[in-house]
1. Could you give the dipole magnitude of the chain about its Cα centre, charging the beta-carbon of Lys and Arg +1 and that of Asp and Glu -1, in debye to the nearest 20?
2. Which values, in whole Å and largest first, are the semi-axes of the equivalent ellipsoid of segment 49-124 obtained as the square root of 5 times each eigenvalue of the Cα gyration tensor?
3. For segment 144-190, what number results from the quotient of the Cα radius of gyration and 2.2 N^0.38 Å?
4. For the residues 64, 75, 96, 121, what sequence is obtained by ranking on other C-beta atoms within 10 Å, fewest first?
5. Residue 26 to residue 209: FRET efficiency via 1/(1 + (r/R0)^6), r the Cβ-Cβ distance, R0 35 Å, to the nearest 0.05?
6. Mind pulling up the Rg/Rh value for segment 1-93? Radius of gyration and Kirkwood radius, both on Cα.
7. I need the per residue convex hull volume for the chain, using only the alpha carbons, in cubic angstrom as a whole number.
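Nothing in this text is a laboratory measurement; each read-out follows from the coordinates by a stated rule. None of the values given here were measured: they were computed from a predicted structure. Using ideal geometry, Cβ is built from the backbone for each residue, glycine included, and neighbour counts are taken over all protein chains shown.
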Amino acid sequence: MKRIVILISGRGSNMEAIVRRCAQERWPAQIVAVLANRPQAAGLAFAREHGIATAVVDHQRFSTRAAFDAALAETIDAHRPDLVALAGFMRILGDTFVRRYAGRMLNIHPSLLPAFPGLHTHRRALEAGCKVSGATVHFVTPELDHGPIVIQSVVPVQPDDSEDTLAARVLASEHRIYPQAVQWFVQGQLRIEDGVVRHVVGASQLLLQP
Ligand code: GRF
């Protein structure tokens, strides 16, 4: 059984999608902990209700990023994870932290990377007049919202979209691709070759969603 630790900051709907798919499809994996950097993160309640260990490492209680990162790593490592999944985790993590989990930490970002790393992705996609948007699951590397791409979803941008309607359409696709990426990881189906993620039997790493 692969051990998965999920990090959240808020709602936790991607975490919820991973927990549900793991149980429904009986992956050879267990979500051993859900950790948050904010005590009020709504997703913690779902995790507790599903018998998953939770903990809060409140970034506001640390005077430096390095001290926060060290405390977070200690909390994560207590659960001996094979995979760390960042799911709407809204803190920038330092290089030392990221290197510690190299090759075993995934993130989801609500844009078609390398377009629009960082915040306000949907607003920026609308302002740029993009006709498609989507989401990306990638291995985490020290550069923010970069790293080898595991899977991307593509959704249309409608002429009358607001940030909220586009975000909702992208989020629905996130709930499909993030569990898929985690499942592939726990099944050992991902290989990184020259910075590019290949699926060992060539499954499609693209989801086109109307
Ligand atoms: C998602 O859109 C994720 O891609 C972004 O923040 C949102 C988190 O949503 N980084 P949730 O907490 O998983 O519901």
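1. With only Lys, Arg, Asp and Glu charged at Cβ, the dipole is about 460 debye.
2. Each semi-axis is the square root of five times an eigenvalue, giving 23, 16, 14 Å.
3. Details: Rg = 13.3 Å, N = 47, 2.2 N^0.38 = 9.5 Å.
That ratio works out to 1.40.
4. 64, 96, 75, 121
5. 0.85
6. Result: Rg/Rh = 0.96.
7. 123 Å³
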